[in-house]
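Since the structure comes first, as structure tokens, the remarks are kept for the end.
The values are calculated or read from the model by the stated rules, or taken from the named source; none is laboratory data. Because the structure is predicted, anything quoted here is derived from the model rather than measured. Don't worry about glycine lacking a Cβ; one is built from the backbone with ideal geometry, like all the others, and counts go over all protein chains shown. When the accessible area is computed, the model is the full protein with side chains, heavy atoms only, and any ligands, DNA or RNA have been set aside. Shrake-Rupley method; radii C 1.70, N 1.55, O 1.52, S 1.80 Å.
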Amino acid sequence: MTYAVRMRVTMREVADRAGVSIKTVSRVVNGEPHIRPEKVQRVHAAIDELGWVPNRTARALRTGLIGVVGIAVTELRRPYLAGLVEALVTEADRCGMLAAVEPTHGDPARLEAVLAARGKTFDGVVLIGPAALITDGLDDRPVVVVQGGAAEVDSVEEDVAEAAALVARHLAVMGRSRPALLGADQARMLAALAGSGIDPAAVPCVDLGEAADRRAGARAAVHVLEQHPDVDALLCVNDEVALGALAALVKHGVNVPGRVAAVGYGNLEDGRFSTPSLTTVDPGPARLARSALELLSDRLAGTAPRHPRAVVSPVELVRRESTLGRDPR
């Protein structure tokens, strides 16, 4: 019996199918900037259609790059962090790179080891969170910080000022004037509330301690009910805290949003299915991931400026039942 053997798909075939040059295919796969979006789309469509897999060994020999990006994250147990890591892995794959996820568990030595592996195990590192240990990252071993407030290296942050403004305006529209902050970004949120006519000095701010999770949210909600019974909205640092607060409010017979509204941050899937469903700010993990990998790719390609760049990514307010109430239909 004779079997037909399919030869490995080549870059030439991808280029022919997309109607571009081989060089353009290479630039798209390597995540280089300044390529017309329609060409990028055609190349990716051809890659998907033909099932082409880039030859990483050949690329490493040609460019000196390993083709692997390290993703350093404190932990993966937190749903939002896990979702952001997934978005980064997906984006790295889109750029033709492998991703190695390195949980640091808040240990500076673990983070230092990940950073030291640049140029050996990783071409570069995307770090989620604070960047205190980074002393360099603008050379050919780049570091991009996501949600870490870095000034020395390239960074990507969601627009937290706009997030606070969106929440403050939504509260005003819904007639809420006595909010409490549960671990939220107090400076920005209080400033936004002041812009909506709410006296910041009259806003209770609850410190959640180290663990901003559902248990902390439940405890904080009970504390607010006891100490500030006139509060009509809880603004929570993340969705986990908000979901814990919702559970405590329901347990104590507090109508949501009739008596107290609740707003989270992170747009976790759980918030869509909570009772009531949770109004939240969506920081856009996919947008953050794309910006981070674009910054990293620029550094690796040698096309980035010498100074660090800061990308501010847009956010969206997702309005649900915890502030709007149930649809009577």
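Summary table below
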quantity: Members of the stretch 245-275 that are open to solvent by 70 Å² or more (accessible area, probe 1.4 Å) and polar (S, T, N, Q); calculated: ASN255, THR275
quantity: Test: ARG169 is in contact with a strand residue (DSSP E or B) (Cβ under 8 Å, 6 or more places away or on another chain), basic (Lys, Arg) and either open to solvent by 50 Å² or more (accessible area, probe 1.4 Å) or assigned to a helix (DSSP H, G or I) (or both); calculated: no
quantity: Criterion: under 18 Å from the mean Cα position of the chain (by Cα) and crowded, with 21+ Cβ neighbours inside 10 Å - qualifying residue of ALA100, ALA87, ALA92, ALA180; calculated: ALA92
quantity: Counted residues, the stretch 183-200 - those being in a loop (DSSP other than H, G, I, E, B), surrounded by fewer than 18 Cβ atoms within 10 Å (Cβ to Cβ) and among the hydrophobic types (A, V, I, L, M, F, W, C); calculated: 0
quantity: Selected residue (criterion: surrounded by the fewest Cβ atoms within 10 Å (Cβ to Cβ)) from residues of the stretch 280-322 that are in contact with a helix residue (DSSP H, G or I) (Cβ under 6 Å, 6 or more places away or on another chain) and of a type in the set (A, V, I, L, M); calculated: ALA286
quantity: Test for GLU157: is it open to solvent by 30 Å² or more (accessible area, probe 1.4 Å), part of a strand (DSSP E or B) and in contact with a Gly (Cβ under 9 Å, 6 or more places away or on another chain); calculated: yes
quantity: Residues located in the stretch 294-313, provided they are polar (S, T, N, Q) and not in a helix (DSSP H, G or I); calculated: THR303, SER313
